[in-house]
Amino acid sequence: MAFSSVGTVHRSTVTGTRGMVASGHPLASLAGVRMLLEQGNAFDAAVAVAAALNIVEPYMSGIAGVGYALVYSAAEERVRVLDYCGRTPHDANSESFTSPHHQDGGVMSCLVPGACGGWLELLDRYGTMDRATVFAPAIELAENGFPVTVKNARFIQDSLPRMRPSGTRVILSSGRAPLAGDVLIQKDLARTFRRVVEGGAEAFYRGDLASEIAGYVQAGGGLLSRKDLADFEVEWTDAVSTAYRDFRVFCPPLPSAGFHILQALNMLEGYDLKDMGHHSEEALHLFIEVLKLGNADRVAFAAAPEAPLGGLLSKAYANERRRMIGDRAAVNRGEYYAAVGLPGEIAPGQPGDWLNECTTHFDVVDVHGNAVAVTQSLGSGFGSGEIIGNTGMFLNNFIKWADTVSGSPNCIEPHKKIDMCLSPCQVFKDGRLLAALGTPGSWGIQQTTTQFTTNFLDYGMNIQAAIEAPRFRFQHAGTRVYMESRVPAEIRSGLIRRGHQIDVVDAFSHVTGGAQGISVDHESGALMGGADPRRDGYAIGL
């Protein structure tokens, strides 16, 4: 695939022919590259990256978190989804949460930890290396420490108000928040990883570690039990996809919000985006409005039983929703279900049963053509803010992404899968892998992914330029939009005249995500890796 000159980069685009890793931190990317250099495959490397990210981005994701892996096996020539998002505890219900505080942090706020099971399942099913080899880089980083980056220090500082005493004991071990250049050591977590290497998933979900996890949570008044851990199972599912121009784009199925990305692409397919011009007033207005329409459907349908996915992803439904876009900013529904909406807000559609014509993110592609795109998370910064006893593991707080409003399809119920913002993607052309990509960013994931994917597919930017290009994100109910300052002032003024409330953020703002991606050129055999300067993203090629 040839690339145009549209889009400039201040980072060089990384290239290679024998493998590529792009993740949210250079040391995590290096962990994956070590596996590739030792003749491991993309699946071995992905698990090494996932575990290392637990150490070097302890506030983003971890072994007691959740995630999706979008897996392409070259030998099988198929895309599969490994779902390691845990369910709500068996004893959870909306009445259990008497305040938003209980959902946001502490031991009440967790889904069943799924990352440990997901990592081990990926390694067992498709990997070639043993657990000791693959977890070795993460264990070394935890035992010996790693130097904190400028962005590490900022994210840690921003997350401190959510931290419980168990977390501060490790992260503030020197008596203060670490500064850039300080070495952060996590020996308890290293010991836990060694226990997982020795005992596997059995140790984590039914053995001594399970007893420690459940005992700590229950002693603190939480709901997670030994039964919840013992009942946990990863799930292999089929991806969902849509045809977009000459491409086919894959995402995880419901309850992942990945369909929001696919639905947005279906709507955008009806426009000549190149003719509009990249980041023109007309194009930005269109993108904002398309993504608002998809957001309304995501709130209504992502966690609904028997949701009409075929209708949501049909071209006919995209045509119907596209006709709702006017010249003025519509009122966004907000990110969560509300019993009473704002006047004039966008309502979900009625897709019916038409046929089909969602943190941290990293990608790995190997020399054999295998590819993994993973989005995994603890939820908020450091998840629940709780480290489980002496295990060094931060517990996720993903119940925050459910709600307690009666009538909501995403209302907290026992042993339930909730609406998941995590949405890794893979793109194919002519039946061959073209790219693996994705981003963190809560419900902004779908907005960020749609923007930089169309930069790549429609505007011909290489993967690094596509990621670096200015972005926006809306979050609140109403017409408010966060927009990076690199979007020209005259364009922003035009959007304001259309009714958008534009809040200008930094030129490279983490509010708009932290994307990574790898593209494949089948004619030359070249791989290109892109990583987001909005965070500590780093791509390494072989």
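The values are calculated or read from the model by the stated rules, or taken from the named source; none is laboratory data. In this text, all values refer to a predicted model and were calculated from it rather than measured experimentally. For neighbour counting, all protein chains shown are included, and Cβ atoms are generated from backbone atoms with ideal geometry for every residue, glycine included. Keep in mind that these areas ignore ligands, DNA and RNA; they rest on the heavy atoms of the full protein, side chains included. Shrake-Rupley method; radii C 1.70, N 1.55, O 1.52, S 1.80 Å.
I'm told Arg195 meets every condition in (1) outside any helix (DSSP H, G or I); (2) open to solvent by 20 Å² or more (accessible area, probe 1.4 Å); (3) under 27 Å from Glu57 (Cβ atoms); (4) touching a Ser or Thr at 6+ places or on another chain (Cβ under 9 Å) except one. Can you identify the failing condition by its number?
Answer for Arg195: the failing condition is (1).
Quick check on region 156-168. Is at least one of its residues among the β-branched types (Val, Ile, Thr), over 14 Å from Ile55 (Cβ atoms) and either more than 23 Å from the chain's Cα centre (by Cα) or open to solvent by 40 Å² or more (accessible area, probe 1.4 Å) (or both)? So that I can check it myself, show each step before the final result.
Keep residues of region 156-168 that are among the β-branched types (Val, Ile, Thr), which gives 156, 168.
Keeping just the survivors that are over 14 Å from Ile55 (Cβ atoms) gives 168.
Right, trim to either more than 23 Å from the chain's Cα centre (by Cα) or open to solvent by 40 Å² or more (accessible area, probe 1.4 Å) (or both) and you get 168.
Yes, region 156-168 contains a residue that is among the β-branched types (Val, Ile, Thr), over 14 Å from Ile55 (Cβ atoms) and either more than 23 Å from the chain's Cα centre (by Cα) or open to solvent by 40 Å² or more (accessible area, probe 1.4 Å) (or both).
Can you tell me which residues in region 83-106 are open to solvent by less than 20 Å² (accessible area, probe 1.4 Å) and part of a loop (DSSP other than H, G, I, E, B)?
Tyr84, Cys85, Gly86, Thr88, Pro89, Ala92, Phe97, Gly105, Gly106
Test Met483 against the criterion of being crowded, with 22+ Cβ neighbours inside 10 Å, of a type outside the set (D, E, K, R), outside any strand (DSSP E or B) and more than 20 Å from the chain's Cα centre (by Cα), and give yes or no.
No.
Yes/no per residue for (1) of a type in the set (Val, Ile, Thr); (2) modelled with pLDDT of 95 or more; (3) open to solvent by 40 Å² or more (accessible area, probe 1.4 Å); (4) at positive phi:
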position	(1), (2), (3), (4)
Gly334	no, no, no, yes
Tyr337	no, no, yes, no
Val374	yes, yes, no, no
Gly381	no, no, no, no
Ile387	yes, yes, no, no
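Step by step: first the residues of region 528-542, then only those that are more than 16 Å from the chain's Cα centre (by Cα) and not in a strand (DSSP E or B), then the one that is nearest to Gly441 (Cα to Cα). Which residue is that?
Taking the candidates together, the pick is Pro533.
Could you tell me whether any residue of region 172-191 is hydroxyl-bearing (Ser, Thr, Tyr) and open to solvent by less than 50 Å² (accessible area, probe 1.4 Å)?
In the first step, residues of region 172-191 are kept if they are hydroxyl-bearing (Ser, Thr, Tyr); the result is 173-174.
Filter once more, keeping what is open to solvent by less than 50 Å² (accessible area, probe 1.4 Å): none.
No, because not a single residue in region 172-191 is hydroxyl-bearing (Ser, Thr, Tyr) and open to solvent by less than 50 Å² (accessible area, probe 1.4 Å).
So, of the residues in region 497-520 that are open to solvent by 40 Å² or more (accessible area, probe 1.4 Å), in contact with a strand residue (DSSP E or B) (Cβ under 9 Å, 6 or more places away or on another chain) and not polar (S, T, N, Q), which turns out to be modelled with the lowest pLDDT? Working first, answer last.
Restricting attention to region 497-520, the residues satisfying the condition of being open to solvent by 40 Å² or more (accessible area, probe 1.4 Å) are 497-498, 501, 504, 506, 508, 510-511.
Remaining after also requiring in contact with a strand residue (DSSP E or B) (Cβ under 9 Å, 6 or more places away or on another chain): 501, 504, 506, 508, 511.
Now restrict to residues that are not polar (S, T, N, Q): 504, 506, 508, 511.
Details: Val504: 97, Asp506: 95, Phe508: 95, Val511: 92.
Here the residue is Val511.
Going through region 301-315 one residue at a time, which ones are open to solvent by less than 20 Å² (accessible area, probe 1.4 Å) and either among the acidic types (Asp, Glu) or part of a helix (DSSP H, G or I) (or both)?
Gly311, Leu312
I'm trying to understand the selection: among the residues of region 360-372, which are surrounded by fewer than 24 Cβ atoms within 10 Å (Cβ to Cβ) and either of a type in the set (A, V, I, L, M) or in a strand (DSSP E or B) (or both)?
Of everything in region 360-372, just one residue is surrounded by fewer than 24 Cβ atoms within 10 Å (Cβ to Cβ) and either of a type in the set (A, V, I, L, M) or in a strand (DSSP E or B) (or both), namely Val367.
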